[in-house]
Amino acid sequence: MAKLTGGQAIVRTLTNHGVDTIFGLPGVQLDNTFDALYEARNTIRTIHTRHEQGAAYMALGYAQSSGKVGACIVGPGPGLLNAGAALATAAASNAPVLCIGGQLPSSQIGGGVGMTHEIRDQSAAMRGVAKWVGRAESAADAPSVLQDAFRQMLETRHQPVVFEMAPDVMGREEYVDLLDVQDYDGSAQPDVDALDKAAALLGQAGKPAIFVGSGVFGAEAELQRLSELLEAPVIMSRTGRGALGDSDYHAQGMIAGQDIWPSVDVALIVGTRFTTPALAWGRADEVKTVRIDIDGEQATKPRPSDITIISNARNGLAALCDLIEPQNRTRPSRETELRKVKADAQAKLETLEPQYGFAKVIRDEVPDDGIVVTDVTQMATYLQNWMPVHHPRTLITPSYQATLGYAFPTALGAQVAHPDRRVICISGDGGFMFNVQELSTAVAHHINVVTIVFADKAFGNVKRFQKDNYGERYIAVDLHNPDFAALAHTFGMTGIRAETPEELRAAIREAFAAPGPALIEVPVGEMPSVWDLIQRPSSAA
């Protein structure tokens, strides 16, 4: 045992769990923990941001791009509420994000007397966005409560958690037992009976298909083996792109998946919510479904499958491969068919300009292992559907939360996690301004993200809906922008303006050659809609 303050106990426990970076903002309720971070500055890097939302998004980008825990630290009340959008996005993205939250002094929690940063019930507010919220009431409690936080975050479906501590506890010295790190993988062994039934159904299927999301990451080898055994297309959601590299003819995106779906007789669903096919593609009663999911509750949504296997993707897929192989029917190669389906989907998208011209340049110039982080904007939607993706965790999206302003700070976190890889952020002018202040963080901490802002002087998606659905009655969608390239210069970074695809190509090369972060502004007009090609459940119902 060692005599430590609460703040020191937090930091020692984090470093014992392999956390090497934390994003955050200091404040009076966090002073003792930031002092502990100063003491540990050789083992844990502290990156201070300009807004709590930026700190939490950076932790999210770190987690999404690496699969490791992303950590942030923010003050209580408004600070935690500011971080809430990123924590909600982490929940949607199944990302392990640990948020260290300040609190009021112990004697004032729940008092309702109007102390600095007090809100009615901070813990309850955070339970609305995070899987778990816990508070250590003493320095000695910190290791065990944090151990519970890691367990809740990692043992099944990865989810964000919030750990709280009052400032007086952060500063109080006690004898602390720093507990050993545990194995937090609590995934169940697959049920043998369910596996046998699934193997028989898939092995005899005529035209099976595999649907995957980000929950399949870590099981790429098993996924490839099974796709080859079944001669099955692997239809990847936006968050699952790269689970199978796009050079493999089995690898298909969602637009191609729409064309494949009418011939599917058995669907294997792995680590994905399956919402769009289940609710928008039809044939719900015609296609037999097998579901592999680590979360028993999630596995029943949006509707139960014929066979459900509660397991992580690696264990479930490996077991299925072994069981299917000896009873697998012989199927002819589908390479010609599947390459044509993929090419047809690409061809539909490639008729859309200027998206295709700009997207092709981005794919040409970003290395195959480079990371592309996309916001909620028209170019991002296009890239998510068109761009070939060659490796897992190289296309980063906000999942179903669709949080505008997500991409730039998330890209900064991804770059911190992967300092030797290219990271590029795709944003619109509307979303970029949500976290524009983090240009300061990029420069101050030498985070060399290249950001492309496609500027149409509008909330473009909303303006399109008002045009198509409301008779061009435009309200609250037109934007007044700064000169983004000039703005970048004022922060001390490279700023470039590019108006054509070839100018964008030159700008990306210049930005990659620059010694720090860079911003490229691309002025654009109204773009043709990608949504006409995508079948999806209504978000307005």
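Computed from the coordinates by the stated procedures, all read-outs in this text should not be read as laboratory data. No experiment lies behind these values; they were computed from the predicted model shown. Because the Cβ atoms are built from the backbone with ideal geometry, glycine has one as well, and the counts that use them run over all protein chains shown.
Points worth noting:
- Electrostatic dipole magnitude of the chain [Cβ: Lys, Arg +1; Asp, Glu -1; Cα centre; debye, to 20]: 680 debye
- Charge sum, other residues only, whose C-beta stays under 14 Å from ARG273's C-beta, Lys/Arg counted +1 and Asp/Glu -1: +3
- Helical contribution to [θ] at 222 nm, DSSP H n ≥ 4, -39,500 (n - 2.57), averaged over the chain, rounded to 500: -11500 deg cm²/dmol
- Rel. contact order, % - alpha carbon contacts under 8 angstrom, at least six apart, the stretch 351-533: 24 percent
- Relative packing of 177-190, 53-66, 246-259, which averages over residues the other C-beta atoms within 10 Å, highest first: 53-66, 246-259, 177-190
- Residue (of PHE163, ASN32, LEU4) at the positive-pole extreme of the chain, dipole from beta-carbon charges: PHE163
- Per residue, the convex hull spanned by the Cα atoms of the stretch 298-352 measures out at 168 cubic angstrom.
- Convex hull volume per residue for the stretch 2-176, taking Cα atoms only, in Å³: 93 Å³
- Peptide packing for 199-205, 7-13, 511-517, 390-396 was compared via the average number of neighbouring C-beta atoms within 10 Å per residue; ordered from the highest value, the list is 7-13, 390-396, 199-205, 511-517.
- Inter-label distance, ASP322 to SER247: 3.1 nm, where each label sits 7 Å from its Cα along the C-beta direction.
- Averaged over residues, the count of other Cβ atoms within 10 Å places the peptides 277-288, 305-316 in the sequence 305-316, 277-288, highest first.
- Across the chain, Cα pairs under 8 Å and at least six residues apart give a relative contact order of 14 percent.
- The label point for LEU279 and the one for ARG536, both projected 7 Å from the Cα toward the Cβ, are 1.1 nm apart.
- Computed over the stretch 351-533, the quotient of the alpha carbon radius of gyration and 2.2 N^0.38 Å is 0.97.
- Centre separation in Å (Cα based) which lies between the stretch 67-86 and the stretch 102-177: 12 Å
- Cα-projected label distance for LYS301 with ASP259, points at 7 Å along beta-carbon direction, nm: 3.3 nm
- Counting all C-alpha pairs of the stretch 192-342, share separated by more than 20 Å (%): 40 percent
- All other residues whose Cβ lies under 13 angstrom from that of GLU365 are scored, Lys and Arg at +1 and Asp and Glu at -1, for a net of 0.
- For the stretch 430-525, the Rg and Dmax computed from alpha carbons only, in angstrom: 15.1, 48
- Both radii were evaluated on the Cα set of the chain; the Rg over Rh quotient, with Rh as the Kirkwood radius, amounts to 0.98.
- Over the stretch 379-458 - Rg/Rh using Cα atoms and the Kirkwood inverse-distance radius: 0.95
- Stretch gain in nm, segment ALA188-GLU228, where the contour uses 0.36 nm per residue and the Cα spacing is subtracted: 11.8 nm
- In this structure the amide hydrogen of THR494, modeled in the peptide plane, comes within under 5 Å of the amide hydrogens of LEU519, none closer than 5 places in sequence on its chain.
- The separation of the stretch 186-206 from the stretch 424-463, counted between C-alpha centres, amounts to 45 Å.
- Hydrodynamic radius by Kirkwood, which averages 1/r over all alpha carbon pairs of the stretch 25-123, in angstrom: 14.1 Å
- Residue-count net charge about ALA251 - beta-carbon cut-off 10 Å; Lys, Arg +1, Asp, Glu -1: 0
- Sequence-distant aspartates and glutamates (8 or more away, or on other chains) whose Cα lies within less than 18 Å of LYS3: ASP35, GLU39, GLU137, ASP141, ASP168, GLU173, GLU174, ASP177, ASP180
- Fewest-first ranking of MET236, MET527, MET1, MET115, using other Cβ atoms within 10 Å as the exposure measure: MET1, MET115, MET527, MET236
- Of LYS301/LYS340; LYS301/LYS463; LYS197/LYS342; LYS68/LYS342; LYS207/LYS288, those spanning more than 23 Å from alpha-carbon to alpha-carbon: LYS301/LYS340; LYS301/LYS463; LYS197/LYS342; LYS68/LYS342
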